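Before any comments, here is the structure.
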Amino acid sequence: MSNPTMEDAIDGLRQRREESVFPGKPGSIEKQHAKGKLTARERIELLMDEGTFVELGRLRRAPRATEDGSDKRPFGDGVVTGIGKIDGRQVCVYAQDATVLGGSVGQTHAKKLVDLYKLAWKIGCPVVGLNDSGGARIQDGVGALASYSMLGNVKCEMSGVVPMIGLIMGTCAGGAVYSPATGDFTFMVNGTSHMFLTGPEVVREVTGQETTMEELGGAEINAITGNAHYVDDTDEESLESCKRLLSFLASNNVGKPPRFAAPSFSWDLTDADMELDGIVPVESNKAYDVIEVIERIADDGDFFEIHSRWAANVVIGFLRVNGHSVGVIANQPSVNAGTMNIDATEKAARFIRTCDAFNVPILTLVDVPGYLPGIEQERAGAIRRGSKLFYAYAEARVPSITVTLRKSYGGAYATMGSKQSLNDVNLAWPQAEIAVMGAPAAVKILHGRELLKMIQDGATDVEEKYNELVAEYTRDHLNPYPVAERGWVDRVIKPHETRLELARSLDLLETRRHDPPARPHGNIPL
Ligand code: HXC
């Protein structure tokens, strides 16, 4: 046998390169497109700034050949990994390649991901994972399961160090779901992405229930349960949403979110500012949409709401004020009167911890009649689960600004960014009512016996007395001034002053010290 020539060697390299670009089966790209999905490489191309993506490990393969001696091990092992830029900022990205072994996770696939996460950790940049996978690679047996375990561990270790965003763009089943779930944000695509622990066939076998992929784990159902933070209609839209989200976050736990120029920001009062005076009804039991308030505070009225389908009685999301990134938590009076319940506290608590991890200042807009009472909430663990919100505010070290728009009653006062929870700036609108409860309930408890006796004695001025007591309680408690006297409200401001007050406060708090506690972590009631 003659020695290989230089040309043979170059041919070999060329072939190797071509195989590595598309290691999948013929026709599988068309199959992917026919489902309305993009391929892994197309997704990366759309996500990253043009020409910045550097692929890592394209030639990596499983360690040994197939048993029949032929070498069918695909290059890349079903996942494209690398680093590039999004809006000029460094980001590590992986895209599972459903055209190669169904994007299933074997050991090499998992090691590529772990290496990518470790790289992101070293250089301090976010990781975006584009998930489209058949889950644990069946032929890898326990090796595939161990791979998930390894992946889960590295993600948990990195949690709070760099943002981890998972876009579900196909199937994400079984234990694989814990990969997005251990990250910070999960995005899904309507109709083409599914995320569930057990698929319809297993459900039928075990429980006898007939169901579908969509019913079990479609984007909508995952949005309602809070598993998914954001849902789009196409891959392209989901990639754009991911870029939008990244723009609000610091790249890691020690950096700051980028501050964008805000040409439309004005230090003069605007029409939108003046409209704030008329949005919140003075009557404390009248509903309104708090998003109307948020949009008037935000630069360009741009509010990126997440988790909108889950626990809609509290609104969370990102906005900018004079270019500063801000995470807002706002009671929503148009849903169950804005009453807090278990889901709302968990939703808000998790968001506060996410903002705190990636240095996004917190803005709390308070208008809450209290916590939802009742057997159902108590039995579902309202005490244990509700305390997460208390804990999250107490641990947060980012700038915290609270504005009480109207009601702040009972336990909800203590858990919604009160001055006592390491809050920096506490503002209140003139109609703010910060008290243990509203006037009718308070008068009934404090003076019920006295009023009842008046009725029994046939007094004619009972109503007059009642109104007097309500007026007295309102004067003493249902306004922001007694709270301001104690120093727990820093300033009472007119609604139209809110945006500029926030802009000033965010400027002042930019140098707020961010001392992490010395302990590794507290014992949050999970
Ligand atoms: C190996 C797999 C695979 C897997 C798909 N493929 N899933 N190979 N391991 N898990 C291969 C198929 O054999 C096929 O190979 C190719 O990928 C495309 O698959 P299709 O079924 O033809 O594609 P499609 O119709 O689009 O369906 C995609 C799918 C389906 C819905 C993902 O393949 C599926 O249900 N796969 C199994 C899902 C699952 O139950 N996974 C295990 C979850 S448990 P060829 O050669 O024919 O092209 C789990 C445990 C984790 O993940 C534990 C962590 C602790």
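The values are calculated or read from the model by the stated rules, or taken from the named source; none is laboratory data. Everything numeric here is computed off the predicted structure, so don't read it as measured data. Cβ sites come from the backbone with ideal geometry, for glycine too, and all protein chains shown count toward neighbours.
Of note:
- Residue match in segment 44-55 (condition: within 16 Å of the ligand (Cβ to nearest atom), closer than 22 Å to Ile123 by Cα and surrounded by 10 or more Cβ atoms within 10 Å (Cβ to Cβ)): no
- Count of segment 195-226 residues which are away from the ligand (no atom under 15 Å from the Cβ), closer than 23 Å to Ser308 by Cα and not charged (D, E, K, R): 7
- Taking the criterion of being of a type in the set (A, V, I, L, M) and surrounded by 14 or more Cβ atoms within 10 Å (Cβ to Cβ), the residues of segment 442-489 that qualify are Ala442, Val443, Leu451, Met454, Val462, Leu469, Val470, Leu478, Val483, Ala484, Val489.
- Some residue of segment 333-349 being under 21 Å from Gly160 (Cα atoms), of a type in the set (Lys, Arg) and either free of Cβ contacts under 8 Å to residues at least 60 places away in the same chain or in contact with a helix residue (DSSP H, G or I) (Cβ under 7 Å, 6 or more places away or on another chain) (or both): no
- Residue within segment 508-525 that is modelled with pLDDT of 95 or more and either farther than 28 Å from Gly411 by Cα or not in a helix (DSSP H, G or I) (or both) present: yes
- The helices (runs of 4 or more DSSP H) found wholly in segment 173-255 and carrying at least 2 residues that are surrounded by 21 or more Cβ atoms within 10 Å (Cβ to Cβ) occupy 178-181, 219-225, 235-246.
- Which numbered condition Thr182 misses (of (1) under 20 Å from the mean Cα position of the chain (by Cα); (2) at pLDDT 95 or above): (2)
- Segment 498-526: number of residues that are out of contact with any Phe, Trp or Tyr (no Cβ under 9 Å at 6 or more places or on another chain), surrounded by 15 or more Cβ atoms within 10 Å (Cβ to Cβ) and among the β-branched types (Val, Ile, Thr): 0
- In segment 295-332, residue farthest from Glu378 (Cα to Cα) [restricted to those that are among the aliphatic types (A, V, I, L, M), out of contact with any Lys or Arg (no Cβ under 8 Å at 6 or more places or on another chain) and in a strand (DSSP E or B)]: Leu319
- Of all residues in segment 152-171 being buried (at least 22 other Cβ atoms within 10 Å of the Cβ) and within 11 Å of the ligand (Cβ to nearest atom), the one that is modelled with the lowest pLDDT: Thr171
- Considering segment 333-410, the qualifying helices (runs of 4 or more DSSP H), each wholly inside and each with 2 or more residues that are in contact with a strand residue (DSSP E or B) (Cβ under 9 Å, 6 or more places away or on another chain) and either at pLDDT below 95 or surrounded by 19 or more Cβ atoms within 10 Å (Cβ to Cβ) (or both), run over 342-357, 382-395.
- Among the candidates Leu119, Leu101, Leu59, Leu113, residue that is under 19 Å from Tyr178 (Cβ atoms), of a type outside the set (Val, Ile, Thr) and either over 27 Å from the mean Cα position of the chain (by Cα) or modelled with pLDDT of 95 or more (or both): Leu113
- Qualifying residue in segment 436-454 (condition: closer than 30 Å to Asp273 by Cα, without any contact (Cβ under 8 Å) to a residue 12 or more places away in the chain and in a helix (DSSP H, G or I)): no
- Subset of segment 283-339 (residues that are hydroxyl-bearing (Ser, Thr, Tyr) and closer than 19 Å to Asp367 by Cα): Ser284, Tyr288, Ser308, Ser334, Thr339
- Matching residues, segment 134-172, being outside any loop (DSSP other than H, G, I, E, B) and under 22 Å from Leu46 (Cα atoms): Met164, Ile165, Gly166, Leu167, Ile168, Thr171, Cys172
- Filter result for Val142 (among the aliphatic types (A, V, I, L, M) and either closer than 19 Å to Ala110 by Cβ or within 10 Å of the ligand (Cβ to nearest atom) (or both)): yes
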